[in-house]
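Data first, discussion second: the structure below is written as structure tokens.
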Amino acid sequence: MKHILFALLCFVLPAAGSASDNPFAQPSASELRDAIKVMRADSRFPQRARIVAMSLAEPAKRDVYDSTKRATIPREMHCTVFDASSNHTYEFTIDVTSRIVSEVRAIPSAQPMLTKADYDAADSIVRKNPRFVEAIKRRGLNPDSVSVETWASGTPLASTQRILRAIFYVPDASGLNRYDRPIEGLAATISLQSKTVTEWRDREIAPIPRATSTYAIPYERTDVPKVASPSNVRVVDNEVQWGNWRFTPVINAREGLTLYELRFVDSGRVRRVAHRMSLSEMLVPYGDTSGLWAWRNAFDVGEYGFGQNSTQLRKGADVPENAILRSASFADDDGNVVTKPDVLAIYERDAGIAWRHAASATSVASQRGQDLVIQHAAVIGNYDYIISYVLAPDGAITIDVGLTGIMLVKGSVDTTYDGSGSGGQMYAHIVAPNVLAPSHQHFFNFRLDLDIEDTANVVTEVDVWSPPPGDENRFNNAMMLDEWDLRSEREGARDVSLQRARTWRVSSSKLNALGAPTAYTIVPQTVTVPFLGPTALVRQRARFIEHQLYATRYNAQEFYAAGDYPNESDKDHGLPMYQANDDRLIRRDVVLWYTMGVTHVARPEDWPVMPTSHATMKIIPTGFFTRNPLLDSRTAQPPPKKKEKKKSR
């Protein structure tokens, strides 16, 4: 996707160059410059290589949790580089403290995320091809007025080549919508090594749709109420403190918004909830079976990068006026360090009634709810994604993905709905004259390194069920719990069950006042199943969509559900490999990988720009507290006192 915004983001809370004792404080601009300088001076650095992604090399968890070692953890950067001249990928670890390259790894047969240089090269190769010029002129268009939209290959066409695909659009005059006028039937496959178009498809199968007035009404609202700046959010050495919550938010180049060291202060005691939470991988498969569409299967995290495609958040539009906005420093593929404004927002918002009870018509006790939202937005081609972590005072966590932007559409001869479910409308829905939107899915896998109290946790599958009529169910109304501990990694691939209201509880080794382990529970919300067939190649590359939950033993090298390098992969090098050892999970450091998703069947109301839809999940305390923690909040409103009646004389 050519028009995604390339920026390897490193979120900086303090001023650039300032020192931090927080081991997860993201690199400052000066740290990035130092790391790049040290890496390029190393004799092992390929001089023609480009930076693909640079982020903090995360310190070992055991050192972070060891108070005697935490203060002396060195600052290290991890950098993936790609040498196009040799088609080789390398990983560098740079110790910024000692100013040395501490490790270099050559990664065989791996194609990393795409860079701006890849897109520029593909654009140039296509435009110089005489078939492109002829095809565009034959359609009565000026080649200079056509945009070249470049994608990752979508399939492992050749493991030794860096392959891109190109599709074509006629942008509208305003430049606000590059995607509403596809040149259907035209596509190219490009080899960056040979600098050639290796495959050219040219079929005049549909007219180019008319331009759509995407923003026919004013989209800058002036009636948004102003909210006073928050007084309850504090940032101390990169750590955000709000109510009883403590955490460090980071924008990683690949995953985007990541939360580190999520803790809850309970009666003065700091209790661990999660070590790390992030969007690990995405898959967007399209359901159109034509050769021009079947390869459109985007791994938006592993092929393009969420962090490096962050976009600015605007007060009064993307976020409320009371938001704290933070900028980011980043390294581009040429090794330049740039600062990008307002890519992360932190704000309080009203959450409705937190709890309420009316003892009588005039005696009402209640509390107004308030949440903290940590938000980040990325644009991957035509789609806009808004990632939000929502923290509530009662200890609950909501992970929300907002989906908006512009649908990926195809040109068609159809101008109206035909109701036959055949022809061009067999795999797509008409949303405007000559415009079809193919059905597709979005899968979001979140890596949840929950450390409830400590690192010795147990994952339990909890089902609600009803036994058959009998001694256990005399009135045929029984509801019972079936609890089963996940003993090893191969048992850790689990499915949602609506029939059993299935949830997964992560318990610590500590007991609450009632004698039960303190715990948090994963509660599914937005779930879909893949329509890709079991033998579909993309499904073999994205096995994380097979089940909604995977549980694995913690491994500091395992971050991505589809593996480190899904671009042009021939199989899934992620979760299936992570589970291969079948490590024991009982009372171990366990990582959960949860996939939520949506199936998008387009409507005319989704065109020309989509109203935001949402995919969510919840992680809620279960016996973590001794009672409702909101009762300890100062915002609770007790029932009014009864007025004493005056005595009559």
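The values are calculated or read from the model by the stated rules, or taken from the named source; none is laboratory data. As the structure is a computational prediction, the values presented were derived from the model and not from experiment. Here the Cβ is made from the backbone with ideal geometry for all residues, glycine too, and neighbour counts use every protein chain on show.
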(message) Can you go through Pro225, Pro209 and tell me which one is surrounded by 20 or more Cβ atoms within 10 Å (Cβ to Cβ) and either at negative phi or modelled with pLDDT under 90 (or both)?
(response) Pro209
(message) Can you go through Leu13, Leu5 and tell me which one is surrounded by fewer than 21 Cβ atoms within 10 Å (Cβ to Cβ), at pLDDT below 95, among the aliphatic types (A, V, I, L, M) and touching a strand residue (DSSP E or B) at 6+ places or on another chain (Cβ under 8 Å)?
(response) Leu5
(message) Consider region 409-448. How many of its residues are touching a Ser or Thr at 6+ places or on another chain (Cβ under 6 Å) and not in a strand (DSSP E or B)?
(response) 3
(request) Look at region 38-94 and say how many of its residues are under 28 Å from the mean Cα position of the chain (by Cα), of a type in the set (Asp, Glu) and closer than 27 Å to Tyr260 by Cβ. (result) 4
(request) With respect to Pro530, determine if the residue is touching a Pro at 6+ places or on another chain (Cβ under 9 Å) and in contact (Cβ under 8 Å) with a residue 12 or more places away in the chain. (result) yes
(request) Report the residue count in region 377-418 for those that are over 26 Å from Val601 (Cα atoms) and in contact with a Gly (Cβ under 6 Å, 6 or more places away or on another chain). (result) 1
(request) Scan region 507-558 for residues that are in a loop (DSSP other than H, G, I, E, B), surrounded by fewer than 21 Cβ atoms within 10 Å (Cβ to Cβ), among the polar types (S, T, N, Q) and out of contact with any His (no Cβ under 8 Å at 6 or more places or on another chain) and jot them down. (result) Asn512, Gln525, Thr528, Thr535, Asn555, Gln557
(request) Just name the residue that is farthest from the chain's Cα centre (by Cα) out of those in region 102-134 that are surrounded by fewer than 20 Cβ atoms within 10 Å (Cβ to Cβ) and among the aliphatic types (A, V, I, L, M). (result) Val133
(request) Pull up region 356-378, narrow it to residues that are surrounded by fewer than 17 Cβ atoms within 10 Å (Cβ to Cβ) and among the hydrophobic types (A, V, I, L, M, F, W, C), then point me to the one that is farthest from Thr518 (Cα to Cα). (result) Ala361
(message) Against the definition (over 26 Å from Leu164 (Cα atoms), touching a residue at least 24 places away in the same chain (Cβ under 8 Å) and either in a loop (DSSP other than H, G, I, E, B) or not polar (S, T, N, Q) (or both)), how does Thr595 come out, yes or no?
(response) no
(request) Considering only region 486-530, state which residues are charged (D, E, K, R) and either farther than 23 Å from Asp449 by Cβ or touching a Leu at 6+ places or on another chain (Cβ under 8 Å) (or both). (result) Arg487, Glu489, Glu491, Arg494, Asp495, Arg500
(message) Looking only at region 263-289, how many residues end up being without any contact (Cβ under 8 Å) to a residue 60 or more places away in the chain and within 26 Å of Ile545 (Cβ to Cβ)?
(response) 0
(request) Taking Leu498 as the residue in question, decide whether it is within 36 Å of the chain's Cα centre (by Cα), outside any strand (DSSP E or B) and among the aliphatic types (A, V, I, L, M). (result) yes
(message) Considering only residues that are among the aromatic types (Phe, Trp, Tyr) and under 26 Å from Arg587 (Cβ atoms), which ones fall in region 470-504?
(response) Trp484, Trp504
(request) Filter region 120-152 for residues that are without any contact (Cβ under 8 Å) to a residue 24 or more places away in the chain and among the aliphatic types (A, V, I, L, M) and give the result. (result) Val133
(message) I'm told Val343 meets every condition in (1) assigned to a strand (DSSP E or B); (2) more than 17 Å from the chain's Cα centre (by Cα) except one. Can you identify the failing condition by its number?
(response) (2)
(request) Looking only at region 449-471, decide whether some residue is surrounded by 21 or more Cβ atoms within 10 Å (Cβ to Cβ), charged (D, E, K, R), in a loop (DSSP other than H, G, I, E, B) and touching a strand residue (DSSP E or B) at 6+ places or on another chain (Cβ under 7 Å). (result) yes
(request) Scan Tyr427, Tyr417 and give me the residue that is touching a residue at least 60 places away in the same chain (Cβ under 8 Å) and not acidic (Asp, Glu). (result) Tyr427
(message) Going through Tyr389, Tyr385 one at a time, which residue ends up being outside any loop (DSSP other than H, G, I, E, B), of a type outside the set (Asp, Glu) and closer than 30 Å to Arg487 by Cα?
(response) Tyr389
(request) Answer yes or no as to whether Val104 is over 30 Å from Val435 (Cβ atoms) and among the hydrophobic types (A, V, I, L, M, F, W, C). (result) yes
